[in-house]
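S.K.: Before I ask anything, here is the structure I am working with.
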Amino acid sequence: MTVTAERYAVTRTIAATPAEVFAVLADPCRHQNCEPGDWVRDAVDTTPITAIGQMFAMNMYLERAGGHYVTYNLVNVFDNDRAIGWITGRLDDAGNHDPGGWFWRYDLTPNGDRTDVTLTYDWSATPQAFRDQVGGMPVFPQDYLAASLITLERTVTSAK
């Protein structure tokens, strides 16, 4: 795991092809199966992710954030079978994406018949007011990303 002041990155080798891993990550309906707890609930819109600029919404639950809420995720990285990422936020009164100041990114590197998956979480642009509201960033322990990749691996390999 690589840790900087406001970014975590962790890599895990998964016994699956990049296409198999990417198929899970590009399907918002399967995101709850890529997270080690019950924070991510279900997809509001079940449309698969296909391009930069697409937005997808997820039902979420976190006590520290007030319980149930919806995230609106703007896809900012989409390289089929190689990388996918999104900026989490909400919608403003006009229905435009209002970024929260953090992003998620998965990079997939072929490794023989396996895939090295690097998950990066960066919260460097999160406003201080939100940090104060939730008791600091990140809102999960340092080992959360490693546990997320274990959960992703279980999801991908169980579908084979």
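Every read-out reported here was derived from the displayed coordinates using simple, explicitly stated rules and does not represent laboratory data. Computed from a predicted structure; not experimentally measured. Every residue, glycine as well, gets a Cβ built from its backbone with ideal geometry; the counts of neighbours run over all protein chains shown.
S.K.: Which whole-angstrom value gives the distance between the alpha carbon centres of the stretch 51-96 and the stretch 103-160?
M.R.: Centre-to-centre distance over Cα atoms comes out at 14 Å.
S.K.: Roughly what % of Cα-Cα distances in the chain sit above 28 Å, to the whole percent?
M.R.: Pairs farther apart than 28 Å: 16 percent.
S.K.: In debye, nearest 20, what is the charge dipole magnitude of the stretch 2-158 about its Cα centre with +1 on Lys and Arg Cβ and -1 on Asp and Glu Cβ, if you could check? Spell out each step's value before the answer.
M.R.: Details: 11 positive and 20 negative charges, 37 e Å.
The calculation lands at about 180 debye.
S.K.: If you don't mind, there's one more thing I want to ask. Summing Lys, Arg as +1 and Asp, Glu as -1, what charge do residues with Cβ under 11 Å from the Cβ of residue 72 carry, residue 72 excluded?
M.R.: Working: positive: 90; negative: 45, 92, 98.
It works out to a net charge of -2.
S.K.: Sort 40-48, 91-99 for me by packing, meaning the mean count of neighbouring Cβ atoms within 10 Å per residue, highest on top.
M.R.: Ranking, from highest mean packing down: 40-48, 91-99.
S.K.: Show me the ranking of peptides 125-136, 68-79, 16-27 by mean Cβ neighbours inside 10 Å, starting with the highest.
M.R.: The peptides rank, most packed first, as 16-27, 68-79, 125-136.
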